[in-house]
Amino acid sequence: MAIQGQSSSVHWNAVAYSTTTVASAMMNSVFQFYYVKLFLNHYHISQPMFHWAQVIYSIWNAVNDPICGYLQDNSNLKVFRVRRLSILYGAPLFALAFLLPWFPWQQSSTGGWLVGLHLLVSLCCYDAFFTFVLIAQCAIFTEMSKEHDVRLLLIRYTNVASIIGSTSVLFAELISNSLEHFHTFQLYCISVAILSWWFMRYTGKNVTTHYNVASSTDKKADNAPTSESIWKLSWQIMKQKNFLMFVLMNFCQVFHVTYSMNFMAIFGDALIPKDELPDLMRQCVYGSTFIVPQVITLLGSNLVGKLGSYRVILASFYVKVAMAMVMFLIGRSHTWILTVFLLLDV
């Protein structure tokens, strides 16, 4: 079964699906890379405010995902039930939430409670709409086709889209000179938001699936699970050993990646002397931190097919631990080795 809307050379339905990946990669790369550096070094947020904002955001991040998933699976509203519409109408809110951190709420550079509130609102709003749109996109992936080959094709298109979107940090570094030209950076973020909105709108207008989710709304009353069955099913899943191990592994991986992305620029500026790594090269390294993992994922797709995801992920963990130990023994004096380590560790 072919993907709907395909031509002989380009699978346009896959393109429509992948444009949301381009948009989310563009915005998320910039957001994750810059917000910590911006609030600490430019807005001068106090350490207690920063810590409390991160704690509240972590709690909201844990609660937000199941709430969005529940709404999209059980709500009677068409905007929730039809995944395409969730992306279409969630896109402008997602783009606006992306812009929140880049415009200060106060002109003073002394920090204060308003800067802490600015960070908290920015994190929670961005994560809410990021989750809302991306959950809808993941659901569309399962609804486009049941065939394995078609889903592999979608994954390849998505990997290429991720690489394209991940270049946003590289351009931001070069255009703003690592936030030195902050007004230029603000204009760049506005351009990213507008372009991302257009990409997500293209998905919302053009993607098609093999399931008419909207028509199932009328049957919802007869087939809707009770709260008791939902809790019972959730408890059965949480008792599964494989599920618990997967959650633990995913927590460690997400924690490591998020920590590396958020503090990459701060660690790089602190550990690598400016006279040993030219500004242009430093900007290219920072910009490549989001591109390199996507390229490795795309190039390693055949390896995953041969060995399986489990063995590849396990081997990658061993490599990361070995790299960290070697880097610890070598120390920070070898600038280029440290640079390569920071680049590959993400």
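With 26 Å as the limit, write out which pairs from K146/K239; K78/K205; K146/K306; K146/K205 have Cα-Cα distances beyond it, or answer none.
On the way: K146/K239 28 Å; K78/K205 15 Å; K146/K306 21 Å; K146/K205 22 Å.
Over 26 Å apart, Cα to Cα: K146/K239.
Taking amide H positions as placed in the peptide plane 1.01 Å from N, state which residues far from G112 in sequence (5 or more) or on other chains have amide H under 5 Å from it.
Correct list: S46.
For N41 paired with N74, estimate the spin-label separation in nm (one decimal), with each label point 7 Å from Cα along the Cα-to-Cβ line.
4.5 nm
HN-Hα J couplings of segment 303-317 from phi, Karplus 6.51/-1.76/1.60, θ = phi - 60°, integer Hz, Gly and Pro as x?
5, 5, x, 7, 9, x, 5, 4, 5, 5, 5, 4, 5, 5, 5
Can you compute the helix-only [θ] at 222 nm over the chain? Use -39500 (n - 2.57) per DSSP H run of at least 4 residues, normalise by all residues, nearest 500 deg cm²/dmol.
Result for the chain, helices only: -25500 deg cm²/dmol.
Please compute the contact order of the chain in relative form: average sequence separation of alpha-carbon pairs under 8 Å and at least six residues apart, divided by the residue count, as a percent. Show your work: numbers first, answer last.
Working: 353 pairs, mean separation 93.8, N = 346.
After rounding, I find 27 percent.
Under a 1.4 Å probe, what is the accessible area of the chain per residue, stated in Å²?
55 Å²
Return the carbon/sulfur percentage of the accessible area of segment 90-172, one whole number, probe 1.4 Å, all protein chains in place.
About 73 percent, which is the carbon plus sulfur part of the accessible surface.
Pull up all non-local amide H partners of F290: gap of 5 or more, or a different chain, and H-to-H distance under 5 Å with H placed in the peptide plane.
Here the answer is none, since no amide H 5 or more places off falls under 5 Å of that of F290.
Taking 0.36 nm per residue of separation and subtracting the Cα-Cα distance, what length does fully extending S309 through D279 add?
Stretched out fully, the S309 to D279 stretch lengthens by 7.0 nm.
Find how much the distance from S234 to M325 grows on full extension, using 0.36 nm per residue of separation minus their present alpha carbon separation; answer in nm with one decimal.
Additional length available on full extension: 28.8 nm.
Taking 0.36 nm per intervening residue step and subtracting the Cα-Cα distance, what contour gain separates S191 from R332 on full extension?
Result: 47.0 nm gained on full extension.
Against the longest alpha carbon principal axis of the chain, how many degrees, from 0 to 90 and to the nearest 10, is the axis of helix 47-74 turned?
Roughly 20 degrees, rounded to the nearest 10.
For F251 and H183, what does the FRET efficiency come to when R0 = 35 Å and r is the distance between their Cβ atoms, rounded to the nearest 0.05?
0.35
The values are calculated or read from the model by the stated rules, or taken from the named source; none is laboratory data. Predicted model only: the values in this text are computed from it and were never measured. Glycine gets a Cβ as well: all are built from the backbone with ideal geometry, and neighbour counts include every protein chain shown. Surface areas here come from the heavy atoms of the whole protein model, side chains and all, with no ligands, DNA or RNA. Shrake-Rupley method; radii C 1.70, N 1.55, O 1.52, S 1.80 Å.
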